[in-house]
Amino acid sequence: TEKDIILIPRVHVNQLQYNDQSLAYGKLNIGRNSFLTKDELQEGIERLFGTLYFDKLTYNFQKEGNGFVLNMSAREKPPASLRFSVHDDNFYGAGLVINYTRSNFLVSGSRLTVAADLSEYPQFRFYFRKYTGQRMNTLAGFETYFESNLIPGYLEGEEIGYTKQNHLTSVLSLKNSLSLNQIIGMGLLFAYSAVYPSKAIQALYPEAFN
């Protein structure tokens, strides 16, 4: 209805301390002197919140001429966080999990995540991403993941040993957001696996390991 559409002569976002202003304006994607619906405002807020750089977003309208200025207040998350946790399970055993996250690492609009599971069978993840483009709807990213697993082997229902597997995956990607729920992208994938059978398994099949 007509009441659900208002004229927005301009948008004002509070001064950001850790992030680039262009990120906020680009994700909101509300042009000057444009007509705005409730759904378009909701989508803009969800896009901005979805960057994970903010933990609270509030807004109000201020009358200006024939329209209303949209005043957006964004409360930023701390630019860096370091978290620790411990685990003890039947598969990986006991371990220490470390997670480090840093916003705007090296360049504005980027996010770095480094996570490691320090256990008998370690895991490691490195993820770097960067928003770019006029509307900040293009996401360039690089991710690499390593894990070490122990895979038991069975013969006629009896466990005969184990195989240790190391797996490394790296992905270089470029994604473009067409809408709130539509993303198109492309990427390059590299995957490498190596297996190391135990001596018990090697003894059962000596011709395969000699």
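Tabulated values for the structure
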| item | result |
| --- | --- |
| For the stretch 60-210, the spread of Cα positions along each principal axis, largest first, Å | 85, 33, 31 |
| 18 Å cut-off, amide nitrogen to a point 7 angstrom out along Leu96 Cα→Cβ, residues in the stretch 111-141 | 114-125 |
| Within straight-line cross-link reach of Lys199, lysines at Cα separation under 18 Å, skipping those fewer than 8 residues along the same chain | Lys164 |
| Spatial separation of Cα centroids for the stretch 125-154 and the stretch 1-49, in angstrom | 30 |
| Charge dipole (the chain, unit charges on Cβ, about Cα centre) - positive-most of Phe49, Thr163, Tyr18 | Tyr18 |
| Acute angle (nearest 10 degrees) that the helix 38-49 long axis makes with the longest principal axis of the chain, alpha-carbon atoms | 50 |
| Distance violations [Cα-Cα > 18 Å] among Lys130/Lys175; Lys27/Lys63; Lys27/Lys56; Lys27/Lys175; Lys77/Lys175 | Lys27/Lys63; Lys77/Lys175 |
| The stretch 1-135, accessible surface, carbon-and-sulfur percent (1.4 angstrom probe) | 53 |
| Residue order for Asp88, Asp55 - accessible surface, 1.4 angstrom probe, largest first | Asp88, Asp55 |
| Computed accessible area, Lys175, all protein chains, 1.4 angstrom probe, square angstrom | 90 |
| Rounded FRET efficiency, nearest 0.05, which uses the C-beta distance separating Lys56 from Ile5 and R0 of 35 Å | 0.85 |
| Amide N of the stretch 164-201 lying under 18 Å from the label point, which is placed 7 angstrom from the Cα of Thr132 along Cα→Cβ | 171-178, 184-189 |
| The chain - accessible surface per residue (Å², probe 1.4 Å) | 64 |
| Linear extension gain, Ser179 paired with Tyr192, 0.36 nm per residue minus alpha-carbon span | 1.3 nm |
| Built amide H within the under 5 Å cut-off of Asp20, gap 5+ | Gly109 |
| Once the Cα gyration tensor of the stretch 9-138 is diagonalised, semi-axes √(5λ) in Å | 39, 14, 12 |
| Whole-Hz couplings from phi, Karplus 6.51/-1.76/1.60, listed for the stretch 103-116; x for Gly and Pro | 8, 6, 7, 6, 9, 5, x, 9, 8, 10, 10, 10, 10, 9 |
| Potential extension, Lys164-Arg32 segment - 0.36 nm per residue separation minus Cα distance | 41.6 nm |
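The values are calculated or read from the model by the stated rules, or taken from the named source; none is laboratory data. Predicted model only: the values in this text are computed from it and were never measured. In this analysis, Cβ positions are derived from the backbone assuming ideal geometry, glycine residues included, and neighbour counts consider all displayed protein chains. Ligands, DNA and RNA are excluded from the accessible area calculation, which covers all protein heavy atoms including side chains. Shrake-Rupley method; radii C 1.70, N 1.55, O 1.52, S 1.80 Å.
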